[in-house]
1. For segment A:34-41, does any single residue satisfy the condition of being within 13 Å of DNA strand C (Cβ to nearest atom), away from every other protein chain (no Cβ under 14 Å) and assigned to a helix (DSSP H, G or I)?
2. Using the structure shown, decide if A:ILE34 is modelled with pLDDT under 95 and over 19 Å from B:ASP28 (Cβ atoms).
3. Collect the residues in segment B:50-75 that are within 9 Å of DNA strand D (Cβ to nearest atom) and not acidic (Asp, Glu), keeping them in residue-number order.
4. Inspect segment A:87-97 for any residue being acidic (Asp, Glu), under 10 Å from the mean Cα position of the chain (by Cα) and open to solvent by less than 60 Å² (accessible area, probe 1.4 Å) and give the result as yes or no.
5. Give the residues of segment B:36-55 that are over 12 Å from B:HIS84 (Cβ atoms) and either surrounded by fewer than 17 Cβ atoms within 10 Å (Cβ to Cβ) or in contact (Cβ under 8 Å) with a residue 40 or more places away in the chain (or both), sorted by residue number.
6. Would you mind finding the one in A:LYS121, A:LYS61, A:LYS95 that is at pLDDT 95 or above, of a type in the set (Lys, Arg) and over 20 Å from B:GLU105 (Cα atoms)?
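The values are calculated or read from the model by the stated rules, or taken from the named source; none is laboratory data. Small disclaimer: the values here were computed from a predicted structure and weren't measured. Cβ: placed from backbone, ideal geometry, glycine included. Neighbour counts: every protein chain shown. The protein model used for the area step is the full one, side chains on, heavy atoms only, and it has no ligands, DNA or RNA in it. Shrake-Rupley method; radii C 1.70, N 1.55, O 1.52, S 1.80 Å.
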There are 2 protein chains.
Amino acid sequence: MIAYIFATERLPVKKVIMRRDVFQGIADPTRRAILCMIAMQAMTPNALAEHFDCSRQAISKHIKILTECQLVKQEYSGREIYYHCNIKKVKEVDKWLEPFREMWEHKFDRLDTVLKNLKNKKP
Amino acid sequence: MIAYIFATERLPVKKVIMRRDVFQGIADPTRRAILCMIAMQAMTPNALAEHFDCSRQAISKHIKILTECQLVKQEYSGREIYYHCNIKKVKEVDKWLEPFREMWEHKFDRLDTVLKNLKNKKP
DNA sequence: ATTTTGCGCAACCAAATGATTGCGTATATA
DNA sequence: TATATACGCAATCATTTGGTTGCGCAAAAT
């Protein structure tokens, strides 16, 4: 019995179910800021960290998440890593908005016709 | 000194800093699905829960978050509550995309000019 | 009037998040 | 060659998230 105890080591089962999609990526305000900055110009983690009130490691972790959901791409240059924004992936958010955009545009259309009808009825 | 120990009760400081913005709202896939559904037609929590593989309470919690970030509005009808999508708030995401959209549109513009130049040079 | 239904709220739990510190490695500089 | 710098990774921690169950209240249905 005691042998059994020794035999069964506590395995690190730890099933990780992290959602790593674009929406999770842009959920954090710091990550959104990072995205905006590197969209203008590719930057290294250190350069980025200078603009935020947290450690380089914290920024690196955010970048890691952004990389996992493919919102950023990396480009090595010696010991430095330049992070770029993957605009194509940002488009996914835009795509999700599509049906909603149709809605708020339709709303205006309807408002337009209402106004038109009002105008036509006036005289 | 001992008196001091007794005097300082462990206060429940527990500073709650929950981000309740649109991006946090749409970070969860279930919440995005809820939003899509009620954008088409206002629904009650029970009606919504029927479409998901989780309890009504879980859905209610999601709705609570969506309400807190103003992505949904409620309308009471007796003991039922109909949840509506607040399209105006969804627009905030669209607004954030603006600079990025400009980028990917500019890209196409440049591609267009490249193609044009290629065409002009051909003959 | 009693029971059923629709719903929010509180308590609880496992897992994920956001941040920190310390460490190892590879590249640049002295 | 020795030192400084840039960076990722692992461990750790408090807080948040996403889910559950159980409860109570008000509106409907019986």
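1. Looking only at segment A:34-41, we keep the residues that are within 13 Å of DNA strand C (Cβ to nearest atom), and these are A:34.
This time we only want the ones that are away from every other protein chain (no Cβ under 14 Å), so: none.
Checked against the condition, which is being within 13 Å of DNA strand C (Cβ to nearest atom), away from every other protein chain (no Cβ under 14 Å) and assigned to a helix (DSSP H, G or I), segment A:34-41 yields no hits at all.
2. On the way: modelled with pLDDT under 95: no; over 19 Å from B:ASP28 (Cβ atoms): yes.
No; evaluated as a whole, the condition is false for this residue.
3. Taking segment B:50-75 as the starting set, the residues that turn out to be within 9 Å of DNA strand D (Cβ to nearest atom) are B:52-62, B:65.
If the condition is that a residue be within 9 Å of DNA strand D (Cβ to nearest atom) and not acidic (Asp, Glu), then B:PHE52, B:CYS54, B:SER55, B:ARG56, B:GLN57, B:ALA58, B:ILE59, B:SER60, B:LYS61, B:HIS62, B:ILE65 are the ones that fit.
4. no
5. The answer is B:CYS36, B:ASN46, B:GLU50, B:HIS51, B:PHE52, B:ASP53, B:CYS54, B:SER55.
6. Details: A:LYS121 fails: at pLDDT 95 or above; A:LYS95 fails: over 20 Å from B:GLU105 (Cα atoms).
Going through A:LYS121, A:LYS61, A:LYS95 in turn, the sole match is A:LYS61.
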